[in-house]
Amino acid sequence: MTTIRCDIVSAEEEIFSGRASMVIATGEMGELGIAPRHAPLITRLKPGQVRVQLENGGEQFFYVSGGILEVQPTVVTVLTDTAIRAKDLDEAAARKAKHEAERALSDRSDALSLAQAQAQLAQAVAQLQALERLRRSLKH
Amino acid sequence: MAGAREIRTKIKSVANTRKVTRALEMVSASKIRKAQELMRASRPYARLMRQAIGHIARADTEYEHPFLKARAEVRRVGYIVVSTDRGLCGGLNSNLFRTLLNDIGAWQARGVEVDVICIGQKATQFFRRLNVNMVASVTHLGEKPQIAQLIGVIKVMLDAYTEGRVDRLMLSYNDFINTMSQKPVVDALLPLPPTEEAPSAYNWDYIYEPDPATVLDHVLTRYIESLVYQAVLENLASEHAARMVAMKSASDNATKAIDSLTLVYNKARQAAITQEISEIVGGAAAV
């Protein structure tokens, strides 16, 4: 039986790598079944299952929250997203990152006073050390 | 014996400090390995992405994605700065910031404005004090950063680039070379440098679903995200390596300090004993 190499990876880890007799995934335009020697194809995936039929007749399921499916004659590659991605979710994340920067900029006073306190503490410690050294040298 | 007791307390406090630095050193040593593991795991994704981009970029000549096209005039440059959240890692962050300031200074001298996005507490603190425009930031990524944590900041910059508010995008982080050396780097992120792949022997093209433009857009965004993610991992490994080295030298210094303090302590003790003896002898002679 002919088989096709199948790699499922995410940006964070390698999820599956091995030989398969067929790979079934949910593409943006519909369900896809990729058999060996399929024509080169690239498509976006919808959140859903990727089924890998192994050569021994077994089957493995993976849930993907979206991604890209790339097919070449001898290899199928699934580049999965690690998180659920949607336009408004991404935008919310972007807003949060902006807000974070604004917050960091606005509580300048707090951090400044903290830095001042730290500087004063360091100064006090240095003075104490100097005093100690002086006292010791006077004793000898 | 008052002086001797003071020295003894001092020795004890230095010994305590050494315990802490030893512990930090050991913790970092084990974390380096985990960080390297993460780095290795993230590589296949970027490699396969690059391959796909190479194919698509060659296949469709009519649609030119803004990410691939260099702009003639540069009015504003964006920087994504990856730093650590915590200190005690030697000169890691300050070396990076110095390299970065040189780069930023060169742009500003030419009248180009600069936007900065900070990843990590240290960069946020640093750029707050500077006269640059910090547009977004994310901190506290933890020991196992996830791409989901980075989506927001990356999107801010990619949107700015697509809308023409930023004409060039740079990525700055500490490159992990080995445990002993980390190199601060400033890489160009956008426009993407053209992929240099040997053209295949025969012509072929993908079947695109739905169409090349949509797929290319999707792939490029994910690719940029994975590049930034990898930079974060490199920086994480660098952080642990730098901290391990810094803590090792701190422990060594503490050992040296204890040695010299012990010497001083013994001398003081000896002097006190000698003095006591001479006082007794003097007293006995007087009787």
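What the table shows:
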item	result
Spin-label pair B:R22/B:D159, simplified geometry with 7 Å Cα→Cβ offset, distance in nm	5.2
Per residue Cα convex hull volume in Å³ - calculated over the range B:1-150	164
Given charges at beta-carbon only (K, R positive; D, E negative), |dipole| of chain B in Debye	1680
Relative contact order (percent, whole number), chain B, Cα cutoff 8 Å, 6+ residue spacing	33
Per-residue mean of C-beta atoms belonging to partner chains within 10 Å, peptide A:130-136	2
Rounded Å value of the spacing that divides the Cα centres of the range B:266-287 and the range A:1-76	89
FRET efficiency, A:L131 to B:A188 (Cβ-Cβ, R0 56 Å, nearest 0.05)	0.55
Residues losing 50 Å² or more accessible surface upon assembly, the range B:213-245, compared with the chain by itself, 1.4 Å	B:H218, B:R222
Mean Cβ neighbour count within 10 Å, used as a protection proxy, ranking B:23-32, B:168-177, B:257-266 highest first	B:168-177, B:23-32, B:257-266
Accessible area in square angstrom per residue, the range B:70-178, 1.4 angstrom probe	42
Accessible area (Å², per residue) of the range B:212-286, counting only protein heavy atoms and a probe of 1.4 Å	44
Farthest positive-ward along the range B:202-287 dipole, Cα basis, beta-carbon charges - from B:A237, B:P210, B:T262	B:T262
Solvent-accessible heavy-atom area per residue, rounded to whole Å², over the range A:36-92 at 1.4 Å	47
Buried accessible area, chains B and A (both chains, 1.4 Å probe, Å² to nearest 100)	4000
Relative packing of peptides B:112-120, B:270-278, B:13-21 - highest average C-beta neighbours within 10 Å first	B:112-120, B:13-21, B:270-278
Reduction of at least 30 Å² in accessible surface, 1.4 Å probe, comparing all protein chains with the chain by itself, residues of the range B:3-33	B:E6, B:K10
Percent accessible area from carbon and sulfur atoms, the range B:103-189, protein chains only, probe 1.4 Å	46
Carbon plus sulfur fraction of accessible area for the range A:4-86, probe 1.4 Å, in percent	48
Debye, to nearest 20: dipole size of the protein assembly as shown, +1 on Lys, Arg Cβ, -1 on Asp, Glu Cβ	2580
Helical segments meeting 18 Å axial Cα length and Kyte-Doolittle 0.0 threshold in chain B (DSSP H)	B:92-109, B:147-162, B:212-286
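The values are calculated or read from the model by the stated rules, or taken from the named source; none is laboratory data. None of these values were measured; they are calculated from a predicted model. Ideal geometry is used to build each Cβ from the backbone, glycine not excepted, and the neighbour counts take in all protein chains shown. Ligands, DNA and RNA are excluded from the accessible area calculation, which covers all protein heavy atoms including side chains. Shrake-Rupley method; radii C 1.70, N 1.55, O 1.52, S 1.80 Å.
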